[in-house]
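Derivation of every value follows stated rules applied to the coordinates shown; laboratory data play no part. What you see is a predicted model, and the numbers here were worked out from it, not measured in a lab. Here the Cβ is made from the backbone with ideal geometry for all residues, glycine too, and neighbour counts use every protein chain on show.
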Amino acid sequence: MAIGSNKRYSEHYDRLMDDRVLSRTAAGGDLQSLAPMELRLDQVPLTIDPTQSRQVKAWVRFGSTPIRVDAAVARWTPGAVGIVFEVDGKAFRCWVWAGAIIEATAKDRGITSGSLVAKINQLHADEHIRKGTKDMAHALRILGNDMAHGDVDEVPTQEDATDALTIARFVLDDVYVADARRADMMARRTTPPAQ
């Protein structure tokens with residue numbers, strides 16, 4: 001009799017290991033966040049989401065150690081996202097560049113080398129995101145670069161801030177929701193009927 005594996009248990013233990021690594025990383029240094037000079041909250045619009053219902057994956061740093069977390073969006077500007085996440089029952093809040101969400105998503109799909117341009121293009125080439133989403137992700141990347149380097153001549157509007165988060169949401173939906181639905185539909189069509 002062959003011994004099989006139970007995917008449900010595997011995912012459970014993978015999550016426990018991820019939680020343990022996150023816990024150790026958080027204990028190793030202070031959570032880093034974008035500085036006020038980088039955020040320019042006195043110059044750009046800020047949107048606050050009281051429901052914090054948008055879920056994202058993002059890169060954060062504890063001390064000098066980067067780690068990817070599952071987080072909720074609490075607020076955003078055109079180039080940055082304020083996120084909230086928990087480690088061992090303790091809430092953490094920080095600001096990350098909007099591009100960090102795309103970076104984390106690419107890494108989650110095994111795309112770990114190259115620039116953000118290359119990662120966005122590879123997400124499209126691997127059919128994780130649609131062409132329109134790829135084009136929007138590049139627009140978000142350019143806006144983020146401009147914001148990070150202070151190269152914005154016109155102050156972004158509230159609409160720009162909302163658009164930035166919408167673009168990040170499109171990437172997450174294409175990669176996680178559409179991929180899962182596509183895989184589920186394909187599995188149902190290739191599995192022979194039970195007899």
Check: Given a Förster distance of 25 angstrom, what is the FRET efficiency for Arg130 paired with Ser53, based on the Cβ-Cβ distance and rounded to 0.05?
Finding: 0.60
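Hey, fewest Cβ within 10 Å first, where do Met186, Met37 land in order? All intermediate terms of the calculation are to be shown ahead of the outcome.
Numbers: Met186 10, Met37 7.
Starting with the residue having the fewest Cβ neighbours, the order is Met37, Met186.
When only DSSP loop residues count, what GluC sites (Glu not before Pro) in the stretch 57-127 have their Cβ near at most 15 other Cβ atoms within 10 Å?
On the way: sites: Glu86, Glu103, Glu127; in loops: Glu127.
Answer by residue number: Glu127.
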Note to self: Multiplying the sequence separation of Met185 and Leu16 by 0.36 nm and subtracting their Cα-Cα distance, what value in nm do you get?
What the structure shows: 57.9 nm
Item checked: Convex hull of Cα atoms in the stretch 7-190, direction-averaged projection (nm²) -> 11.9 nm²
Next item on the list: Would you grab the residues whose amide H sits under 5 Å from the one on Arg54? Only those 5+ places off in sequence or on another chain, please, with H modelled 1.01 Å from N.
Entry: Val73
